Amino acid sequence: MRRKLNTEYLFSLVLSVTAALLIGAMIMFANGKSPILGYSALINGALGSKYNLATTLAKTVPLILTGLATAVSFRSGIYNIGGEGQLYLGAFAGAYVGFTFVQLPGFWGIILAVAASALVGGFYAYIPAILKVRYKIDEVITTIMMNSIAILFTDYLVNYPFAAARGKMGGTDMIGEAYKLTRLVKLSKLNTSIFMTVLIAISIYYFLQKTSIGYELKMVGQNAAFANYGGISSKKRMILAMVLSGALCGIAGSFEVLGSHYRFLQNISPGYAFDGMLVSLIVKNNPVGVVFMAIFFGILKTGSIAMEHTTSIPSELVLVIQSIIILFIAGENGFKAILRKLLAKDQYEISSLASKLEKEAGEK
């Protein structure tokens with residue numbers, strides 16, 4: 001039964017993506033642009049060269065991590081909408097370690113920076129988790145509010161007490177050379193964080209799918225009362241899920257510092273956590289699906305820029321495509337109900353016709 005549901009959803013997802021791309025093509029055509037040229041430019045811009053592919057993969061790293069963060073918390077029945085704030089604080093923590101402990105060896109320095117980012121992000125997620133399980137305060141509201149607090153707090157830090165000694169305000173000093181992750185393709189921002197991200201994704205998949213704690217998190221998310229009856233502490237598991245979710249967002253922030261910008265910037269994230277949330281929700285918080293959907297989003301984001309440059313088709317069309325995918329996925333159950341009614345009607349008409357033919361044959 002479960003495999004059937006997964007197959008049905010996968011089929012619905014493929015149809016949704018296909019329909020979104022077709023509607024995007026219709027929009028191009030209505031504006032006098034060639035859909036073939038447009039999508040060709042998009043694909044070529046995302047995958048057409050080593051540099052383009054590297055840029056696409058670089059954009060998928062924060063999407064995978066924030067998508068996994070959403071998957072962990074949402075599967076456990078607690079909703080972390082504060083990933084952006086956790087990412088900002090995690091990024092600042094990683095940068096602080098990087099420009100403060102410059103004498104540490106590279107290997108240990110990177111581990112310390114990533115660990116600090118994970119701890120800060122996890123702790124910041126711990127606060128709304130405690131408010132949720134102890135005082136029944138809605139975590140959706142608190143995490144949304146805490147996004148603004150974290151972003152404005154880091155804005156203050158990088159413009160005043162930790163502003164760069166040289167250059168314009170809005171960023172910290174550069175991290176030590178030993179902290180900079182190795183770039184894999186010349187001129188691109190793809191770095192060794194991609195390998196760490198893959199390792200993290202595999203670990204999260206194993207944790208959620210193959211361990212008893214992962215099973216308990218899933219049970220709490222499906223029915224907390226039943227989980228409590230079975231001896232599982234739903235409150236502890238919700239806190240664990242939220243802290244792990246925050247830690248993943250913090251790590252995403254540290255990778256932006258260590259691998260891309262080499263310092264903390266005031267606007268270090270263009271909304272990675274919110275995009276990662278969409279990635280996860282589209283695939284129903286499946287950790288494997290998160291990876292593939294993050295790659296798809298990365299292709300759209302990278303390719304849209306090349307598409308606009310080559311064909312003058314606005315890159316904002318990608319936002320339309322993403323929105324349509326989400327719309328179709330959100331209406332999945334309604335579409336299924338309509339399809340079932342149509343199929344039932346067709347089946348009834350076929351059965352009636354068959355009965356009529358049999359009756360006529362018997363009379364003859």
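The values are calculated or read from the model by the stated rules, or taken from the named source; none is laboratory data. Given the structure is predicted, the values throughout are model-derived calculations rather than measurements. Cβ sites come from the backbone with ideal geometry, for glycine too, and all protein chains shown count toward neighbours. Quick note on the areas: whole protein, heavy atoms, side chains included, nothing else; ligands and nucleic acids left out. Shrake-Rupley method; radii C 1.70, N 1.55, O 1.52, S 1.80 Å.
The figures follow:
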quantity: Cα-based shape type of the stretch 1-80, given that a ≥ b ≥ c are square roots of the gyration tensor eigenvalues and the cut on a/c is 1.5; calculated: oblate
quantity: Shape call, the stretch 52-104: gyration tensor on alpha carbons, a/c limit 1.5; calculated: oblate
quantity: Distant-in-sequence amide H partners of Asn191 (H built 1.01 Å from N, under 5 Å); calculated: Leu184
quantity: Listed residue (Ile268, Ser212, Gln103) projecting farthest to the positive dipole end of the chain, Cβ model; calculated: Ser212
quantity: Accessible solvent surface per residue of the chain, calculated while the other protein chains remain in place, 1.4 angstrom probe, Å²; calculated: 53
quantity: Neighbourhood charge, 15 Å Cβ-Cβ cut-off, centred on Ile130 and excluding it, Lys, Arg +1 and Asp, Glu -1; calculated: +4
quantity: Global form of the stretch 75-139, assessed from the alpha-carbon gyration tensor, a/c cut-off 1.5; calculated: prolate
quantity: Average projected area [Cα convex hull, the stretch 159-295], square nanometres; calculated: 10.7
quantity: Over the chain: helical MRE at 222 nm, DSSP H runs n ≥ 4 each giving -39500 (n - 2.57), nearest 500; calculated: -26000 deg cm²/dmol
quantity: Pairs from Lys284/Lys341; Lys189/Lys236; Lys59/Lys236 whose Cα-Cα separation, in the structure shown, is over 29 Å; calculated: Lys189/Lys236; Lys59/Lys236
quantity: Within the accessible area of the chain (1.4 Å probe), percent carbon and sulfur; calculated: 67
quantity: Charge sum, other residues only, whose C-beta stays under 12 Å from Ala58's C-beta, Lys/Arg counted +1 and Asp/Glu -1; calculated: +3
quantity: Among Phe328, Gly176, Leu244 - extreme Cα towards positive end, dipole of the chain, charges at beta-carbon; calculated: Leu244
quantity: Spin-label pair Ile326/Phe107, simplified geometry with 7 Å Cα→Cβ offset, distance in nm; calculated: 4.3
